[in-house]
């Protein structure tokens, strides 16, 4: 259980990858999180989290062909792996259990 | 970016940033923040530190906490070194690198002319601005002209000389600086016949009006003219002429002399101004510079003139002091201070290295055990480095704290600079200083851990494990350290002593006039209250009254104040040759008596020298000797006037005065001429009074006397001539004070180092000393043995220091007012001083050695 625990930001990143499905690479992931959570995400934080998630086997990534709009540089696309899905589900369950019966003021 | 984040990952991130940059146009700032975020993640402890390095740091902290005395000593040494460095760095930073406090200051360019004081004339500025900032060829969003001038400012009855900037009306628009109350200038403020208006600085508003809104609309007087206050500059804005702090801004065209010059369409060369421009969006600096130069050349072709400026226009980002003159004075001082404090830091680092070395001796066994158990050499080096880094971090933190305190102390205790409105150290720790301190700390950590780390990493396993004493090599290394410390700190001490001696010597120099029992009050008699005629009558009445006052021996008037500033005029011996500048003063009959300047030939000015009578002047020896070598200067004719187009006036030499010092005590003999006040009227004069009692005590009576004569008379500073003289020595006093402080600090640090080495050797030799005592050695023999070691090291250090100093002091020759750079007194005093300190530093451990109990010492092993 403990090694499957997801940090809050990790959850946000994973969810963004899921939401974007085929279009998940750096720029839209960042925009998705910024748009929905209203918080600033720096490139450095994003990639270090994605790298961590990949190391744990929650996501996988591949490189697309270079495009001109990126100055001839390629994109790195991300896709959620079964392990990642499982971790997300566990995290959601955990929160649901904690919220059950809680009423704020 | 690509260099910071290597490989494929860098590619991807760069691509992302590029893509987003295109769509959102975030600006440079955004881009760099993003790049930094990648770096920050990379450098964060979690990523960077392999678990064992974290362990190293952890272990280092534990070791250091177990030895608080050692840790504290090392950190305080470092903190002192880093503290003085960051203080001096702040100062230098302010002079050279601090950007103007305006929006997007990196687009604000100071436009200078190589090799010249001012950029161009006001008319050329207008032409330049019209061509390069015109909506068609948008290179600049605008150019502004300014000039900084000491201004006599009268606000509600108090008179003071402050710094102000006379500026073009677009000043605040181009700097993008809103007024905090009221408004800045408008184009109509520049129109001929408009009501003169002024903007006050936040400081001036606070000091003179208590931040009351009623200040707006108030009238203040500058020189002869009244100005209406229309606005208050934003807080913290001190103008565009650092290190001077401005108190007031006025439109350049509102000044009477500028008005007069600009009313004459033939005048293209004056008034002179400095120029600042804001680059238009998308214009590169080099493009703008090239374009400016070609426009400038065009203007010079279209409006040819005799005294053409020859330098090319240059562009530079406004940072620090923009005026070349200020930079010229500040550069050598800054270099000297930075090297001196660098030496202090070096000495501090050597101390810490020494401490680590002695600890390494103690920990040889531990290191040997670790190595025997399989630790790699790199691992051991890293352990020492980790300790060094922890020490350095503590040192930097403490040092910044010290630095802040030291800056405050320095700002308060340093002798004031003589320049009006000079901001001495507006000392806030800024990020540049913090970075500087961190880099200095890191560099020193590497410096002082390197040699102990290497030492640690190759212990001789067998002997170390047996716990045997130290080998000879390490001791020799420590000895070299001490010798270097002594030599360096002695050099600083010698330089400081030399400067102090030079200062004393300069104070005793003969200025060529009498200073004692004399004081000067600066007054301003001007229109509209006084015309030239009524002003002269008033000054005559003033002189009579002052001369009749009790305690007054004599009194006179002079335009300049000795040893503070002097005026200059153009002279030529015939009306058709090119005029040359000579310093000058305007005085009244009796001036030479009051100042005790002998007239060598001819006569003084007399009451008969009046506007109607033939113009006369008195020259000094140097003037006479340069213009008429081997001739009698009396009766010679001089032509006065700088303008080659206008007719010059003629005057006859009636006397030759002995040479004196005019602007500063260290100046070379200069040409000087005196003119009578009756024939060349000035209303801004110094009343110089010779008193029978102490001159300072006459300040209040003199002020009261002047007030009785005219209650509205503008009276500025009243100071004794000795005060003026001592102010003129500010440079040497400044340097002497700072160096004495730093030299003392260096000596203290080096003495700690010496003490450490001697104490360590005593600790190492406890057994040997015990054996000696047991064998019947006298305790005084032991005392001398230890003392001799400390003093021997010091002697070698002093020898090296003397040689080093002999090389270094030569560079100071221009600051020494004639004292020899090899002045034996300074060298002797400093060396003896060091010897005494060395005695003390070695005596303490020597006493401890003397008290060694042979029984205990032998059993201890």
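Some values worked out for this structure:
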{"item": "Count of residues meeting criterion [under 26 Å from the mean Cα position of the chain (by Cα) and part of a helix (DSSP H, G or I)] in region B:711-770", "result": "28"}
{"item": "Index of the failed condition, residue A:83 passing every other in (1) more than 12 Å from every other protein chain (Cβ to nearest Cβ); (2) within 19 Å of residue B:20 (Cβ to Cβ); (3) in contact (Cβ under 8 Å) with a residue 24 or more places away in the chain; (4) surrounded by fewer than 17 Cβ atoms within 10 Å (Cβ to Cβ)", "result": "(2)"}
{"item": "Selection within region B:607-628 - over 42 Å from the mean Cα position of the chain (by Cα) and in a strand (DSSP E or B)", "result": "B:616"}
{"item": "Count - residues of region B:67-87 that are surrounded by fewer than 24 Cβ atoms within 10 Å (Cβ to Cβ) and either outside the structural domain of residue B:445 (by TED's automatic domain parsing) or farther than 15 Å from residue B:749 by Cα (or both)", "result": "4"}
{"item": "Strands (runs of 3 or more DSSP E) wholly inside region B:495-606 containing at least 1 residues that are within 16 Å of residue B:673 (Cα to Cα)", "result": "B:552-558, B:567-572, B:580-587, B:599-602"}
{"item": "Any hit, region B:643-661, residues being more than 42 Å from the chain's Cα centre (by Cα), surrounded by 13 or more Cβ atoms within 10 Å (Cβ to Cβ) and not in a strand (DSSP E or B)", "result": "no"}
{"item": "Matching residues, region B:270-282, being outside any strand (DSSP E or B) and buried (at least 19 other Cβ atoms within 10 Å of the Cβ)", "result": "B:271"}
{"item": "Condition check for residue B:234: surrounded by fewer than 19 Cβ atoms within 10 Å (Cβ to Cβ) and out of contact with any helix residue (DSSP H, G or I) (no Cβ under 8 Å at 6 or more places or on another chain)", "result": "no"}
{"item": "Among (1) exposed (fewer than 14 other Cβ atoms within 10 Å of the Cβ); (2) over 21 Å from residue A:75 (Cβ atoms), the one test that residue A:22 misses", "result": "(2)"}
{"item": "Test: residue B:374 is in a loop (DSSP other than H, G, I, E, B) and either in contact with a helix residue (DSSP H, G or I) (Cβ under 6 Å, 6 or more places away or on another chain) or modelled with pLDDT under 75 (or both)", "result": "yes"}
{"item": "Residue B:42 being facing chain A (nearest Cβ under 9 Å) and modelled with pLDDT under 75", "result": "yes"}
{"item": "Pair list, Cβ < 7 Å and 6+ apart or interchain, from region B:588-614 residues that are in the same structural domain as residue B:677 (by TED's automatic domain parsing) to residues that are surrounded by 15 or more Cβ atoms within 10 Å (Cβ to Cβ) and part of a helix (DSSP H, G or I)", "result": "B:599/B:592; B:600/B:621; B:604/B:592"}
{"item": "All positions within region B:599-621 that are touching a strand residue (DSSP E or B) at 6+ places or on another chain (Cβ under 7 Å) and surrounded by fewer than 23 Cβ atoms within 10 Å (Cβ to Cβ)", "result": "B:599, B:600, B:601, B:602, B:603, B:604, B:609, B:614, B:615, B:616, B:621"}
{"item": "Test for residue B:811: is it farther than 30 Å from residue B:478 by Cα, in contact with a helix residue (DSSP H, G or I) (Cβ under 7 Å, 6 or more places away or on another chain) and surrounded by fewer than 17 Cβ atoms within 10 Å (Cβ to Cβ)", "result": "no"}
{"item": "Every residue from region A:36-51 that is surrounded by fewer than 17 Cβ atoms within 10 Å (Cβ to Cβ), within 13 Å of another protein chain (Cβ to nearest Cβ) and outside any loop (DSSP other than H, G, I, E, B)", "result": "A:51"}
{"item": "Selection status of residue A:33, surrounded by 20 or more Cβ atoms within 10 Å (Cβ to Cβ), touching a strand residue (DSSP E or B) at 6+ places or on another chain (Cβ under 8 Å) and in a helix (DSSP H, G or I)", "result": "no"}
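Listed here are the residues, each with its yes/no results for (1) within 39 Å of the chain's Cα centre (by Cα); (2) more than 26 Å from residue B:732 (Cα to Cα); (3) in contact (Cβ under 8 Å) with a residue 40 or more places away in the chain; (4) not in a helix (DSSP H, G or I).
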| residue | (1), (2), (3), (4) |
| --- | --- |
| B:781 | no, yes, no, no |
| B:785 | no, yes, yes, no |
| B:798 | yes, no, yes, no |
| B:812 | yes, no, yes, no |
| B:818 | yes, no, yes, yes |
| B:821 | yes, no, yes, yes |
| B:827 | yes, no, yes, no |
| B:844 | no, yes, yes, no |
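The values are calculated or read from the model by the stated rules, or taken from the named source; none is laboratory data. A quick note: this is a predicted structure, and the numbers were derived from the prediction, not measured. Glycine gets a Cβ as well: all are built from the backbone with ideal geometry, and neighbour counts include every protein chain shown.
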